[in-house]
1. Being away from the ligand (no atom under 16 Å from the Cβ), within 18 Å of the chain's Cα centre (by Cα), under 16 Å from L74 (Cα atoms) and of a type outside the set (V, I, T) is true for just one of A186, A166, A115. Which residue is that?
2. Please list, ordered by residue number, the helices (runs of 4 or more DSSP H) wholly in the range 39-134 having 1 or more residues that are modelled with pLDDT of 85 or more and touching a Lys or Arg at 6+ places or on another chain (Cβ under 8 Å).
3. Quick one: would you say A216 is over 24 Å from the mean Cα position of the chain (by Cα), part of a strand (DSSP E or B) and crowded, with 17+ Cβ neighbours inside 10 Å?
4. Test S274 against the stated conditions and say whether it is touching a residue at least 12 places away in the same chain (Cβ under 8 Å) and either exposed (fewer than 14 other Cβ atoms within 10 Å of the Cβ) or touching a Gly at 6+ places or on another chain (Cβ under 6 Å) (or both).
5. Please go through the range 147-205 and pick out each residue that is in a strand (DSSP E or B), without any contact (Cβ under 8 Å) to a residue 60 or more places away in the chain and aliphatic (A, V, I, L, M).
6. Kindly indicate the residue of the range 149-163 that is near the ligand (Cβ under 9 Å from one of its atoms) and of a type in the set (A, V, I, L, M) and also farthest from G223 (Cα to Cα) among those meeting that condition.
7. Looking only at the range 236-271, count every residue that is surrounded by fewer than 17 Cβ atoms within 10 Å (Cβ to Cβ) and either outside the structural domain of A216 (by TED's automatic domain parsing) or of a type in the set (S, T, N, Q) (or both) and tell me the total.
8. From the list R133, R125, which residue is of a type in the set (D, E, K, R) and within 16 Å of the ligand (Cβ to nearest atom)?
Amino acid sequence: MSARDDTVNAAARARRFAFRGAEALVRSAALDGYPAPDAETAAGAPPWEAPGGEALASALDSSAAPLPEPSDCLALGGGALAASYPAGTEAPDGWEWKPFRAVINALPERLWLPAARAMAYAAWRSSSRFCGRCGSPNGDKPDEIARLCPACGALSFPRISPAVLAVVRRGDRLLLARNASFKTGAWSVLAGFVEPGETLEGCVSREVMEEVGIAARATGYMGSQPWPFPDQLMVGLSAEWVSGELEPDGVEIAEAGWFGPDDHPPLPMRGSLSRRLIEAAFEDIRTAGTRR
Ligand SMILES: [Zn+2]
């Protein structure tokens, strides 16, 4: 195969993810046929994987959508492009701008993860236009995705901010809390950013103590998920109660309690790692109950 064939093939594979701020361009047909965002899902295979067919497979790939020149376009590895458009850019027929959170809520993770990657890079591009060391306009490093300051030589890379989700069990009960800032009224597992010099396990213990006043110990890894608002990597850890009674801090956490699989308050949005971990923990509790 010639070099030109390689180029042509790469172009044929190129996927363009288009963003307008925190909104992604989505094929309208891919969003049809999904249940309401707050619909409960049964444990096991999510019923919302089924519809859509071809529209679903290319839900976020806007390569074929007639769009104007982007204000910024970054080539990522694997033939993906992250294209940014200014506010006011109209969506072409058959497409719509959707808040990316709504996309996560509506589409399976395997479809939105590549777009989440592109969105995180696009957000990093727009927030790294100036050098953090000397304030000069930044340039791009030609051979990798990084910023290189032409004035002082400072090199900077896309930032990833790790955050833990603490899935704390006390016997057959799971700790859920309502964050004072959550507008949806959903209850979730406790979450917090990892601090410099801290292990993931140390972060679990500190966050749980700070937010609800109990001692807890991390017991294992459950899963992870990039969360591009703007650059988190969520890491789920299981944990067990050690001592103390729940005393929400009243600032970040408004209410907290211990819940079972059949008596819990409203859960976080479908598609989020927190929702998946909570459902996994409840399933585990149910299974353990059946065995007894
Ligand atoms: Zn500089």
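1. A115
2. Numbers: elements: 53-57, 100-106, 109-127.
Helices (runs of 4 or more DSSP H) meeting the threshold: 109-127.
3. yes
4. no
5. L148, L155
6. Filtering first and then ranking leaves A151.
7. Final tally of qualifying residues: 1.
8. Residue meeting the stated conditions: R133.
The values are calculated or read from the model by the stated rules, or taken from the named source; none is laboratory data. Please read all numbers here as calculations on a predicted model, not as lab measurements. Because the Cβ atoms are built from the backbone with ideal geometry, glycine has one as well, and the counts that use them run over all protein chains shown.
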